[in-house]
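All remarks here apply to the structure that follows.
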Amino acid sequence: MRFPTRLAPASFLSFLCGVLLQSSLLGAGSITVRYPEGSTHGYLAMRTLDGKLVAAGDSTQTVHGGQLVSRLIYRFKDGSIDDDTAVFTQRGQFRLISDHRIQSGPAFSKPTDVMIKATTGEVIVRYKDKGQDKVEISHIDLPPDLSNGIVVDIVRNLSFDTKETKLSYLATTPKPRLIQLSIQPEGEETFVSGGRRNKARRFKIHVEIGGITGVVAPMVGKEPPDTHVWISAGRVPAFIRSEEPLYYGGPVLRTELVSPVWPQTPKSEREGQGK
């Protein structure tokens with residue numbers, strides 16, 4: 001999922017932080033690692049659906065012993081920052097160790113700083129309420145399939161023949177609440193790279209809102225939109241594109257891989273370099 005074949009945003013489903021969801025512990029499973037991650041560095045661009053550039057993404061992943069540290073930073077044109085660092089293992093199954101997500105600046109209606117320590121169950125949420133700094137500290141029995149910060153890593157490892165996969169996700173409102181994500185394959189599409197036609201498989205990620213909230217949300221227009229992820233259909237699945245809001249109620253944005261663009265070098269300089 002990192003560049004050039006494995007790059008994937010760590011920002012998926014952050015909009016859940018604004019939704020009031022059920023707090024009951026959901027059944028947990030495990031996702032088998034089919035394509036192990038490695039040390040990589042890649043670049044992304046985030047745009048509106050009509051093509052306007054809003055942020056540049058810088059993604060790095062490093063291996064430290066048996067752990068992987070994945071960090072994705074989006075720097076917005078208005079000065080906002082979306083910074084997510086996930087630490088996880090991949091010994092047969094994906095296991096999240098921690099996820100630290102910071103969203104700050106005018107691009108976010110409710111700036112937050114959320115630290116999830118999956119191994120201990122400690123969750124620290126820093127936010128502002130009426131101009132005052134607030135901190136919420138909770139301890140939760142977190143399931144082994146917790147997917148904060150690594151959703152697309154997991155999607156890249158799913159079989160397209162699997163009808164549905166469910167994952168646990170921790171939303172904060174700011175009180176932490178466990179919810180479920182339903183991931184389903186939707187079909188194949190064609191994209192062009194370097195003049196060559198390739199196939200991508202599209203997945204839909206749906207937020208399952210349970211209890212009375214799940215009944216009322218569609219009626220009042222509060223049900224969060226689905227996220228869509230495109231994964232290449234080659235021998236080594238790679239992230240191609242995603243469409244999602246960054247927070248609940250925010251606009252749907254498109255994230256894609258970008259190629260380097262070199263500044264134009266004057267002909268005189270090029271000739272001099274060739275001597």
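Values quoted throughout were computed directly from the atomic coordinates according to the rules given, and no laboratory measurement underlies them. Quick caveat, the model's predicted, so the values are computed rather than measured. Quick reminder, even Gly has a Cβ in these numbers, built from the backbone with ideal geometry, and neighbours come from all protein chains shown.
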Quiz prompt | FRET efficiency estimate (nearest 0.05) - Cβ-Cβ, Ser182 to Lys110, R0 35 angstrom | solution = 0.85
Exercise. Order the peptides 125-135, 33-43 from the highest to the lowest mean number of other Cβ atoms within 10 Å of their residues.
Key: 33-43, 125-135
Exercise. Using a Förster distance of 45 angstrom, determine the FRET efficiency expected from the C-beta separation of Arg197 and Gln67, and round it to 0.05.
Key: 0.75
Self-check item: Those chymotrypsin sites (Phe, Trp or Tyr not before Pro) in segment 57-92 that DSSP places in a loop and that have at most 10 other beta carbons within 10 Å
Solution: none
Quiz item: Separation between the Glu189 and Ile81 pseudo-spin-labels, each 7 Å from Cα along Cα→Cβ, expressed in nm?
Solution: 3.3
Quiz prompt | Using θ = phi - 60° and Karplus 6.51 cos²θ - 1.76 cosθ + 1.60, couplings along segment 143-149 (whole Hz; Gly, Pro as x) | solution = x, x, 9, 4, 10, 4, x
Exercise. Identify all aspartates and glutamates with a Cα-Cα distance to Lys117 below 18 Å; exclude those on the same chain that are fewer than 8 residues away in sequence.
Key: Asp83, Asp84, Asp99, Glu136, Asp141, Asp145
Practice problem: Round to the nearest 0.05 the FRET efficiency obtained for Thr48 and Ile137 when R0 = 30 Å and r is the Cβ-Cβ distance. | Solution: 0.25
Quiz prompt | Approximate spin-label separation Ser39-Val252, in nm, with each point projected 7 Å along Cα-to-Cβ | solution = 3.9
Practice problem: Rounded to whole Hz and in sequence order, give me ³J(HN,Hα) for segment 237-248 from the Karplus expression 6.51 cos²θ - 1.76 cosθ + 1.60, θ = phi - 60°, writing x for Gly and Pro. | Solution: x, 9, 5, 10, 6, 9, 9, 6, x, 7, 8, 4
Quiz item: Roughly how many Å is it from the Cα centre of segment 133-183 to that of segment 79-121, as a whole number?
Solution: 11
